[in-house]
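This report concerns only the one structure given below.
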Amino acid sequence: MEIPTIEDYDVISSSLFKIEELQIVYDTLDRHPAPHRAGPDSERIMRAWLSAARSHDRRAE
């Protein structure tokens, strides 16, 4: 079984999104304070990435 590496959040975000979409990620995170619990914090990050991905999809149309 391969164990995935843990990457830096900012590095992953920068590789996934353009500058406009990164702004959406960070704005979304700023509006939702970190819960300091792994599960809820992972959900918060996922929702920020999803917001940026939706913006990307709208621009591509």
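Just so it is clear, none of the values below were taken in a lab; they were calculated from the coordinates. Bear in mind that the values here come from a model prediction, so they are computed numbers and not experimental data. Virtual Cβ from ideal backbone geometry, glycine too; neighbours counted across all protein chains shown.
Count Lys and Arg as plus one, Asp and Glu as minus one, and take only other residues whose Cβ is under 9 Å from that of residue 55; the net charge is then 0. Here the label points at residue 34 and residue 56, each 7 Å from Cα along the C-beta direction, are separated by 2.3 nm in the simple model.
Using the 10 angstrom Cβ neighbour count as an exposure proxy, how do 25, 11 rank, fewest first? Before the final figure, lay out the partial values.
Details: 25 24, 11 9.
Going from sparsest to densest Cβ surroundings: 11, 25.
Span-like helix criteria (full DSSP H runs; alpha carbon extent of at least 27 Å along the helix axis; mean Kyte-Doolittle hydropathy of at least -1.0) are satisfied in the chain by 38-60. Residues 22, 29 in ascending order of nearby Cβ atoms (within 10 Å, fewest first): 22, 29.
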